[in-house]
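Just below is one structure, and these are the notes that go with it.
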Amino acid sequence: MHVSVKGPKPAKPEAGRLGCYAANDLMVCYRAESSLSNLLYAHFSRARDEGRAFLKGLFELPADILPDKMAGIMSGNFHPVANPRFNGALNELCEIMNQEEFCFPRPG
């Protein structure tokens, strides 16, 4: 999986507006989780429940993060999990991420 290393520094939130940022972050995370879950629909018979359980486990899974500043990419090597279906879903998710060549933050 490749992620851009370069990008602007995040803006500091205004005092008194942290609650708004927290709610916004929560919605962004939920939507991202839902989008990832939809990509993996074929791997789980109970897509909503199993897909979200897989993603929650994935977010806590140990991984090696290898930044390459010269190339401007960051690679992630995930450790295999015990469930073969989850390994298949993880492989497919990595393939999708590599094909899309995601850049964070997106140039705007």
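Points to keep in mind about this one:
- Taken over region 37-73, the residue count meeting the criterion of being without any contact (Cβ under 8 Å) to a residue 40 or more places away in the chain, aliphatic (A, V, I, L, M), outside any strand (DSSP E or B) and in contact with a Phe, Trp or Tyr (Cβ under 9 Å, 6 or more places away or on another chain) is 4.
- Across region 8-26, the qualifying residues are those that are surrounded by 10 or more Cβ atoms within 10 Å (Cβ to Cβ) and part of a helix (DSSP H, G or I), and the one among them that is modelled with the lowest pLDDT is L18.
- Residue list for region 35-52, filter: surrounded by 14 or more Cβ atoms within 10 Å (Cβ to Cβ) and either over 14 Å from L90 (Cβ atoms) or not hydrophobic (A, V, I, L, M, F, W, C) (or both): S37, H43, A47, E50, G51, R52
- Which numbered condition A63 fails, given (1) under 21 Å from S34 (Cβ atoms); (2) at pLDDT 85 or above; (3) among the small types (G, A, S): (1)
- Scanning region 74-101 for residues that are assigned to a loop (DSSP other than H, G, I, E, B) and more than 20 Å from N38 (Cα to Cα) yields H79, P80, V81, A82.
The values are calculated or read from the model by the stated rules, or taken from the named source; none is laboratory data. Just so it is clear, the model here is predicted, and its values are computed rather than measured. Cβ atoms come from the backbone with ideal geometry, glycine included; neighbour counts cover every protein chain shown.
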